[in-house]
1. Residue by residue through region 48-59, which ³J(HN,Hα) values in whole Hz follow from phi under the Karplus form 6.51 cos²θ - 1.76 cosθ + 1.60 (θ = phi - 60°), with glycine and proline marked x?
2. Which of Asp83, Asp127, Asp2 comes first, and how do the rest follow, when ranked by fewest Cβ neighbours within 10 Å?
3. Taking the simple approach of a point 7 Å from Cα along Cα-to-Cβ for both Thr5 and Gln27, what is their distance in nm?
4. May I ask which residue of Ser170, Gln8, Phe65 lies farthest towards the positive end of the charge dipole of the chain, with charges of +1 (Lys, Arg) and -1 (Asp, Glu) on Cβ and the Cα centre as origin?
5. I need Arg14, Arg22 ordered by Cβ neighbour count within 10 Å, fewest first.
6. Could you work out, for the chain, what percent of all Cα-Cα pairs fall into each 10 Å distance bin, beginning at 0 Å and stopping at the bin that holds the largest distance?
7. What's the extension gain from Lys15 to Ser155 if we count 0.36 nm per residue and subtract their Cα-Cα distance?
8. Please compare each pair in Lys151/Lys172; Lys52/Lys76; Lys122/Lys165; Lys95/Lys122 to a cut-off of 18 Å on the Cα-Cα distance and tell me which ones are over it.
Amino acid sequence: MDNVTIGQTIAQLRKEKKLSQRILAEQAGITHSAISSIENGKVSPSVSSLQKIVNVFSLSLSEFFTLEIQQESNEKVIITHTDLVEIGNDSVSMKLVCNGKKSRQMGFLIEQYSPHSNTGLKSIEHDGEEAGTVLEGEIELNYGEDTYIIKAGESYLIDTSIPHKFTNYSDKPCKMISAHTPPTF
């Protein structure tokens with residue numbers, strides 16, 4: 001989804017719930033101006049901000065980005081590159097592998113972090129577990145009070161209810177894959 005589509009979808013969900021932008025901002029814990037800019041397609045929300053917004057609608061990020069797919073398609077076995085659903089932003093690409101199944105038990109992402117990018121200013125928290133492997137480059141994982149550097153070929157396994165954040169401090173892109181359960185993210 002591009003910024004305009006993300007904004008339009010948020011505005012539609014907000015109107016269906018009969019919420020003002022100001023009330024949505026308060027419930028999501030972000031500023032009213034941020035909601036306005038996102039809905040107008042002027043900015044690309046960070047992963048953590050978008051997660052806070054969709055949580056107000058009792059949706060996970062996966063559910064938010066696959067609303068159209070779930071309405072339009074049957075379950076697929078083979079998912080091509082063109083079927084992947086981009087849930088990231090301009091600096092962090094997170095491509096969701098999704099087959100249209102509404103009751104998935106797992107989420108799977110193909111991620112690429114541009115040099116000097118991160119998942120957002122604030123840490124992410126969601127129910128479940130997550131495992132991932134760095135394919136190229138390296139990434140810093142802030143996990144609770146600890147910091148780890150994960151290099152190509154190394155993997156991680158975390159409890160996602162503990163605040164966490166990924167940052168690529170290097171001058172090279174970082175490519176990784178991750179899976180999480182339940183598919184709340």
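1. Rounded to whole hertz, the list is 5, 5, 5, 4, 4, 5, 5, 4, 4, 8, 6, 10.
2. Working: Asp83 16, Asp127 13, Asp2 10.
Least crowded to most crowded, the residues run Asp2, Asp127, Asp83.
3. Result: 2.5 nm between the two label points.
4. The listed residue farthest towards the positive side: Gln8.
5. The order, fewest Cβ neighbours first, is Arg22, Arg14.
6. Final binned percentages: 9, 37, 37, 16, 1.
7. Taking 0.36 nm per residue and subtracting the Cα distance, the gain is 46.3 nm.
8. Long pairs (Cα-Cα over 18 Å): Lys52/Lys76; Lys95/Lys122.
Read-outs throughout are calculated quantities, based only on the coordinates presented, and are distinct from any laboratory measurement. Since this is a predicted model, take the numbers as computed values, not measurements. Heads up, the Cβs are rebuilt from the backbone with ideal geometry, glycines too, and the neighbour counts pull from every protein chain shown.
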